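What follows is a short report on a single structure.
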Amino acid sequence: MERILIIEDEELIRTELETLLKNAGFSVSSITDFDNTLALTRAESPDLILLDINLPGQDGYSLCSSIRRFCD
């Protein structure tokens, strides 16, 4: 089963995405601790990441660049 990781700080958006994707048969997890985003992403080892651009304390573009260093 494909694993999808959601990195989204808006709770309503995050829960809607989780519900829709789980109902479609995907394994879904979300990150809500934005102080440890990289470590949590590495631990999840997802097949797909849905990444918000505006996150608390960091932007999605720089986070994406950091994730790409250990994940393709």
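So which of Ile49, Ile4 is modelled with pLDDT of 95 or more, open to solvent by less than 60 Å² (accessible area, probe 1.4 Å) and touching a Pro at 6+ places or on another chain (Cβ under 7 Å)?
Ile4
Look at Arg14 and say whether it is of a type in the set (D, E, K, R) and open to solvent by 40 Å² or more (accessible area, probe 1.4 Å).
No, not satisfied.
Against the condition in a helix (DSSP H, G or I), on the phi < 0 side of the Ramachandran plot and more than 12 Å from the chain's Cα centre (by Cα), how does Leu12 come out, does it pass?
Taking the combined requirement at face value, the residue satisfies it.
Looking only at segment 19-46, which residues are at pLDDT below 95, of a type in the set (Val, Ile, Thr) and open to solvent by 40 Å² or more (accessible area, probe 1.4 Å)?
Thr32
Within segment 52-72, track down each residue that is under 23 Å from Glu2 (Cβ atoms), open to solvent by 50 Å² or more (accessible area, probe 1.4 Å) and outside any loop (DSSP other than H, G, I, E, B).
Matches in segment 52-72: Cys64, Arg68.
Could you check segment 38-62 and list, in sequence order, the residues that are closer than 11 Å to Glu8 by Cβ, touching a residue at least 24 places away in the same chain (Cβ under 8 Å) and in contact with a helix residue (DSSP H, G or I) (Cβ under 8 Å, 6 or more places away or on another chain)?
Ile49, Leu50, Leu51, Asp52, Asn54, Leu55
Hey, Phe34 hits all of (1) without any contact (Cβ under 8 Å) to a residue 12 or more places away in the chain; (2) assigned to a loop (DSSP other than H, G, I, E, B) but one; which does it fall short on?
Phe34 satisfies all of (1) without any contact (Cβ under 8 Å) to a residue 12 or more places away in the chain; (2) assigned to a loop (DSSP other than H, G, I, E, B) except (1).
The values are calculated or read from the model by the stated rules, or taken from the named source; none is laboratory data. Worth saying up front: this structure is predicted, and the values here are computed from it rather than measured. Here Cβ is always computed from backbone atoms with ideal geometry, including for glycine, and neighbour counts include all displayed protein chains. Side chains are part of the model used for accessible areas, which takes the heavy atoms of the whole protein and leaves out ligands, DNA and RNA. Shrake-Rupley method; radii C 1.70, N 1.55, O 1.52, S 1.80 Å.
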